[in-house]
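The values are calculated or read from the model by the stated rules, or taken from the named source; none is laboratory data. Since the structure is predicted, the reported quantities are computational estimates derived from the model, not experimental observations. Here the Cβ positions follow ideal geometry from the backbone for every residue, glycine too, while neighbour counts run over all protein chains shown. Heads up: the accessible areas ignore ligands, DNA and RNA and are worked out on the full protein's heavy atoms, side chains in. Shrake-Rupley method; radii C 1.70, N 1.55, O 1.52, S 1.80 Å.
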Amino acid sequence: MTRDPEATAPHAGDEPGEIRVLVVDDDFMVARIHCGYVARVPGFRVVATAHTGADALAEVARHRPDLVLLDIYLPDMSGLDVLKDLRDTDALVISAARDVPTVRESMRRGAVNYLIKPFTADALAERLRQYADTRRRLTSIGPEARQDDVDRLFGTPSQAASLPKGLSPATCALVAETLREAGGDLSAAETAELAGLSRVSARRYLEYLCAEGRAELRPRYGSAGRPEHRYQWRG
């Protein structure tokens, strides 16, 4: 969320501390609905809408919003390409794309959150409030951050402390999402391929999720030999 001084300069009509939002969606009516959702959240204001990737980048250059609500499926380019080209602007992806590679790539390219369509006004409001809270925390930290400051920004200390040594909260969330979206059981090797991890790492996270009761181990017995370990999300 770093900004250069020019990007954070106030604009005419801005309220102090107001978060300026650009809504990007190929569907005009959906974009209007999302604008209405944003308008209900105190401290946020929609400054423009866009319906193509090119228009989104142009509006970012023109208005320099703090946050872009970014659809993935755009008529001229993928929202992922728009995300890659954003500078000094955060993005919250809102899309019907549910596949793990798209979610993972959005994370890699810096999305602050990911909301799957269809969603409710309350669901978007919750994520906007989380975003606003993170901005406030960053402002209050000062020029240098302590580890506990970073822990609160990237995941609660209690979550980090509950994980075994060597496991990351962010990677654990990715493995959990991979298993949840599979809709059935997966082996460690299949999970590793979908999540972009090594097989050994994937198995460690899967075993942790089983120990926590969030997933379950389902041995699959073949005609001979040891059973194959399969893992399934406990919905």
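One table, with the values for the structure above:
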{"item": "Filtered residue count, region 96-122, keeping only those that are over 15 Å from Leu80 (Cβ atoms) and in a helix (DSSP H, G or I)", "result": "2"}
{"item": "Test set (1) aliphatic (A, V, I, L, M); (2) modelled with pLDDT under 90; (3) within 18 Å of the chain's Cα centre (by Cα) - Ala195 fails condition number", "result": "(2)"}
{"item": "Cβ pairs under 8 Å, 6+ apart, first in region 66-87 and farther than 23 Å from Tyr37 by Cβ and part of a loop (DSSP other than H, G, I, E, B), second modelled with pLDDT of 95 or more and β-branched (Val, Ile, Thr)", "result": "Asp76/Thr52; Met77/Thr52"}
{"item": "Selection from region 19-55 of residues that are small (Gly, Ala, Ser), open to solvent by 10 Å² or more (accessible area, probe 1.4 Å) and part of a strand (DSSP E or B)", "result": "Ala48"}
{"item": "Of the criteria (1) open to solvent by less than 20 Å² (accessible area, probe 1.4 Å); (2) outside any strand (DSSP E or B); (3) under 30 Å from Gly183 (Cα atoms); (4) without any contact (Cβ under 8 Å) to a residue 40 or more places away in the chain, which one Ala125 fails", "result": "(4)"}
{"item": "Residue that is surrounded by the most Cβ atoms within 10 Å (Cβ to Cβ) [pool: residues in region 185-209 that are touching a Lys or Arg at 6+ places or on another chain (Cβ under 9 Å) and not in a helix (DSSP H, G or I)]", "result": "Leu186"}
{"item": "Residue check for Arg64: under 18 Å from Tyr131 (Cα atoms) and touching a His at 6+ places or on another chain (Cβ under 9 Å)", "result": "yes"}
{"item": "Only one of Asp81, Asp76 that is over 15 Å from Ala111 (Cα atoms), open to solvent by 20 Å² or more (accessible area, probe 1.4 Å) and not small (Gly, Ala, Ser)", "result": "Asp76"}
